[in-house]
Every structure is written in C-alpha cells, then in structure tokens.
Amino acid sequence: MAEGKTARDIQPAPSHFKSKVWKHFGFHKLPGNEQLDMSKAVCKLCRILVTYCGNTTNMSAHLARHHPELNAKQPEKAEASASQRTLNETLYKLPSVSEKARRITESIAMFICKDIRPYAVVENDGFRNMIHTLEPHYIIPSRKFFSETVVPTLYNNIKSEVINSLGRSRRVALTCDAWTSRATESYVTVTAHHITDDWSLLSHVLQTRAMYESHTGANVAELLHNVVTEWNIAEKDPVLVTDNATNMACAAQLTGYLHVRCFAHTLNLASQRALKLPAVARLLGRIRRATGFFHRSAVGLHTLQEKQKLLDLPVHRLITDVSTRWNSVHDMVERFLEQQPAITAALLSAELRKREKAICTFTESDISNAEEFIQALKAMKVATCVLSDESKPTLSVIAPLLAQLLQDTQEKSGDPPFVKEIKEAVHQDLKKRYASDTEKATLNQAAALDPRFKALPFLSDNEKEETFARMVSEAGAIKELEVNNSLYPL
C-alpha cells in the first residue's frame, strides 16, 4: 500500500460506496477533468493517499494504524445500544395472561401459603426488587388479587387433589387438636391420615379455623361432622385421635367414631402427676429459681461460664422448662446435674454474693433428689422421645409401650422413698388409661398386626389366645362381607 500527503481538495466518494470508512476518505479529481481519480483514496483526517484496489482493506488498516482513537468511540456506541436495550426491557411487560406470568403468579401464591406469609409481602420493597431482578418484564399483581383470586383458586385445586386422594383410601384417621395462638385466639385443627395403595402414609390438614363458641363436646362434634361431610369421608368409617380432654371424648361419643387417646398426651398427664408431688415441686422450684437467675443476670451468666471453663465442663446454657411439656422439666434437671459443680461455685462466689442477697444454694439432699428424679422418670423420658422421633407413629406401639412403662414404674425393694413416691404417682395414672375392654382389644390387635410385636410378649397366654381368636373372627366376617358384595352388588 503506497501512501503520500496531498494539499488538493478532497471530493466525497460516490454515493453507492456504503462502507463506514468512506466517512473518513474521498478522492481527488483527475487533472483538467471532472472525473475522480479512483486509484488513490485520500484520508480526510491526515490527507495521506492510500491505494484503492476496489475494497476498503487498505483504508481500514490506515485508520487502525494512524487513527486508533476512532475505535475508542465504539464502546460509547455499545453503551448506547445497551441503554436502548434496557429501555426496551422497561417498556416491554409480560402480559398477565401469558404462560410465564401465570406460572410466576402461582409460584408467589404457593410461597405465601406454604410459608404462611401475609398478603402484604407482595408490596414489600425487598420482595418486589427480588422479583424484578429475576424477571424484569413481570408485573406483580396486587395483594387484593392474590387474596381474592389466586390463593382461593390454588386452595380449590389443592382441595380437589386431596379429596381425590382420600377417596382412593379405604379408611381414614382424623386427629383433632384445639390450641391457642399467641394472640389468645382459640383454633381447632383437623388433619386426615390414610395409607395409599403403595403403603405410603399421607397426612392432609383439612382445616384450621377459629372457634369462638364454647369448646363443648357438642360443638366439637358438629365441627367434625361438617369436616367429614365437606371432604367426602363419611363413608370411610373414620377413627378419631384426640388428647384426653373430656370435651374431645364427648365429641367422639356423639359422632360414633372409634376414639383413640393420644399416647404422648397420656404420658404427659401421668408425668405431670409426679411433678405436682410436694417434694418434687419444691425441688423443681429451687432449680427454676437458679436457672432463671442465670438467664436474667449478665454478671451471673458470665460468672457461670468462667466456672464452667475452670472446672472443664461443657459451656452449655441452663434450660428452663415449659409448663405444657413435662419432658422439658426432665431436660432442665438433667442440665442442672451436668452443670451442678459450676452452678454451686458460681452461686458461692463473692462477686455474686455481693450483688445478690437472695440467691439460693443447693444442699446434698437437693442434689440427691435431682438424681433420683432422673432415675425415676427415665423410662417415661425414653418413651416420650420414641414417640416424638417417630415420623410415622402407628397404633401398634401403644400396648407394648404401656405394658413396659407399667412394669418400669412398679416399686422395687431398693428404691429410695423419693423414687417410690414418683413411680407410684405415674403408675397409678397410667393404670387407668386405655382400661376399657374395647380399647384393650383394639390396641392388642393392632400390636399383633405389627411384625415387631406380633408375638405379643407383654400379654398373658389367655390374652394372646383371645386376641388371635378375635382377629380370626373379624377376618372371616370381612371375607364373608366381600363375598356377599360380589354376589349381590348394590
């Protein structure tokens, strides 16, 4: 490529030359002629002549070598293009009827329902920013649209699926729980449990509703009747599982459902009997005062932690019990015994004595009683943990567990008086539970059908024979009914 400078006037390239390089190049006229000299192109920036061979290769090379600043302007164009794209994205919105918008809206509704979020979450700045980042084209509907349209539609769809699922099962068990919210509002939750054809246990919460009327047996029975009717399970011969409250037993009697009392609640009631014994209540009161002090006092907690490190004990926090869960009392006393040397050392320290005048200290008798308390209720604690850890609890565990607990709470000759008193209270309460002939028969048959307990080692020989004979009789009745139904269908 030959290059040289010129001072002559530069003529623009012909209009049919479309390349962008012709912005910076032109031609001279031939001497004494109006025609262009097409053999050399002239750079308009530096007036250097560049050989033109019918393409723009030489001109592009010249610009890149001598005028690189022209290329630096390209990012500005790219930025302008990006800005244009952003503007386009801002202007373009997903139609609310589009498949993608519909799926996003349904996903938000599922998020609200499964995580129990308020409808106002769709108006929160952080939530809206997240959705905009994920899909800038999506317009979030109003909270009213979610509450009046999307969530009710989702509820009806899920309800249809649950009704179909329940319809495929032969029997359904119901659990009914009455509870109170932190705002002291009373609610009743009804849950259905059934087994699928592939032997999977499914549970569905059918309703949780506020119950403003009195929680009488009649009102609870009416509520259960309405639930069973609404969900088409009246013909499933439901079994009702509740706590031991009198109104729940009355409701079960009024509905005519087979009633099973929650075994975990039964264990809680029996253990609570022991906790109310005067000697036990005094001991627990002293331990609660100590644990409460270390929870309230920053200085006390720091002193306790220092003593834990000094005595090479785990730096665990003390546990405060919850009145409705007896096993939390067991955990509190267990943690107290674990940390007892550190607790005693902290309570006797001069710094705490100087600040707190009314701190209680523990005697050898207190420590001994705490150890005996753990010993006496160990079996109840194990049974409670077994039930709590069971992901799919079944009726079959009640009879063998109850028999074992009645045996473990029997007084033994070497038991200290404190242990005997606790065992006696628990034993007497457990003895009166599941005592009717119907309840015993149901629990024993359930255990016999469980491979883990089918030998029924907790029953006498006569009780075993009665249980198996009853099962054979019922199996024959079921077989006869199936034959009759096949011969004379309704």
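Inside the stretch 1-92, counting only strands (runs of 3 or more DSSP E) that do not spill past its ends, which hold 2 or more residues that are farther than 30 Å from residue 137 by Cβ and modelled with pLDDT of 85 or more?
Strands (runs of 3 or more DSSP E) meeting the threshold: 25-27, 40-43, 48-51.
What is the number of the single condition among (1) out of contact with any Ser or Thr (no Cβ under 6 Å at 6 or more places or on another chain); (2) at pLDDT 90 or above; (3) among the aliphatic types (A, V, I, L, M) that residue 350 does not meet?
(2)
Considering only residues that are among the aliphatic types (A, V, I, L, M) and under 18 Å from residue 243 (Cβ atoms), look in the stretch 172-205 and name the one that is modelled with the lowest pLDDT.
In this case the residue turns out to be 178.
Would you point out which residue out of 270, 274 is among the small types (Gly, Ala, Ser), more than 20 Å from residue 366 (Cα to Cα), buried (at least 16 other Cβ atoms within 10 Å of the Cβ) and not assigned by TED's automatic domain parsing to the domain that holds residue 417?
270
Tell me, which residue of the stretch 154-184 that is assigned to a strand (DSSP E or B) and not hydrophobic (A, V, I, L, M, F, W, C) is farthest from residue 213 (Cα to Cα)?
For the stretch 154-184, the residue satisfying everything is 175.
Would you check if there is a residue in the stretch 443-452 being over 43 Å from the mean Cα position of the chain (by Cα), touching a residue at least 24 places away in the same chain (Cβ under 8 Å) and either within 30 Å of residue 282 (Cα to Cα) or not in a helix (DSSP H, G or I) (or both)?
No: the stretch 443-452 contains no residue that is over 43 Å from the mean Cα position of the chain (by Cα), touching a residue at least 24 places away in the same chain (Cβ under 8 Å) and either within 30 Å of residue 282 (Cα to Cα) or not in a helix (DSSP H, G or I) (or both).
Considering the stretch 185-215 alone, what residues qualify as being part of a loop (DSSP other than H, G, I, E, B), of a type outside the set (A, V, I, L, M) and more than 12 Å from residue 166 (Cβ to Cβ)?
185, 197, 198, 199, 200, 212, 213, 214, 215
Given the residues 226, 268, which is the only one that is farther than 23 Å from residue 337 by Cβ, outside any strand (DSSP E or B) and under 29 Å from the mean Cα position of the chain (by Cα)?
226
Give the residues of the stretch 386-395 that are in a loop (DSSP other than H, G, I, E, B) and under 28 Å from residue 438 (Cβ atoms), sorted by residue number.
Within the stretch 386-395, 390, 392, 393, 394 meet the criteria.
Considering 443, 401, 405, which residue is out of contact with any strand residue (DSSP E or B) (no Cβ under 9 Å at 6 or more places or on another chain), closer than 15 Å to residue 261 by Cα and surrounded by 13 or more Cβ atoms within 10 Å (Cβ to Cβ)?
401
Filter the stretch 345-367 down to the residues that are assigned to a helix (DSSP H, G or I) and touching a residue at least 40 places away in the same chain (Cβ under 8 Å) and list them by number.
The answer is 346, 347, 351, 352, 355, 366.
Do we have residue 290 as aliphatic (A, V, I, L, M), modelled with pLDDT under 95 and either within 30 Å of residue 163 (Cβ to Cβ) or not in a helix (DSSP H, G or I) (or both) here?
Here the answer is no, as residue 290 does not meet what is asked.
Looking only at the stretch 238-256, filter to residues that are within 31 Å of the chain's Cα centre (by Cα) and not aliphatic (A, V, I, L, M); which one of those is surrounded by the fewest Cβ atoms within 10 Å (Cβ to Cβ)?
244
What number of residues within the stretch 320-367 are of a type in the set (Ser, Thr, Tyr) and under 32 Å from the mean Cα position of the chain (by Cα)?
Of the residues in the stretch 320-367, 4 are of a type in the set (Ser, Thr, Tyr) and under 32 Å from the mean Cα position of the chain (by Cα).
Looking only at the stretch 396-423, count how many residues are assigned to a helix (DSSP H, G or I) and within 19 Å of residue 368 (Cβ to Cβ).
Residues meeting the conditions: 7.
Return only the number of the condition from (1) outside the structural domain of residue 332 (by TED's automatic domain parsing); (2) crowded, with 17+ Cβ neighbours inside 10 Å; (3) over 35 Å from the mean Cα position of the chain (by Cα); (4) small (Gly, Ala, Ser) that residue 370 does not satisfy.
All conditions are met except number (1).
Here is a check on your reading of the model: is residue 380 assigned to a helix (DSSP H, G or I) and modelled with pLDDT under 95?
So residue 380 does not fit the description; no.
Since residue 301 meets every condition but one in (1) touching a His at 6+ places or on another chain (Cβ under 8 Å); (2) assigned to a helix (DSSP H, G or I); (3) under 18 Å from residue 371 (Cβ atoms), which condition does it not meet?
(3)
For residues in the stretch 375-398 being under 23 Å from residue 285 (Cβ atoms) and buried (at least 16 other Cβ atoms within 10 Å of the Cβ), which is farthest from the chain's Cα centre (by Cα)?
376
Taking residue 331 as the residue in question, decide whether it is closer than 19 Å to residue 265 by Cα, assigned to a helix (DSSP H, G or I) and of a type in the set (D, E, K, R).
Yes; evaluated as a whole, the condition is true for this residue.
Among the residues of the stretch 284-298, is any within 39 Å of the chain's Cα centre (by Cα), free of Cβ contacts under 8 Å to residues at least 24 places away in the same chain and closer than 25 Å to residue 417 by Cβ?
Yes: one or more hits.
The values are calculated or read from the model by the stated rules, or taken from the named source; none is laboratory data. What you see is a predicted model, and the numbers here were worked out from it, not measured in a lab. As a convention, Cβ positions derive from the backbone with ideal geometry for all residues, glycine included, and neighbour counts pool all protein chains shown.
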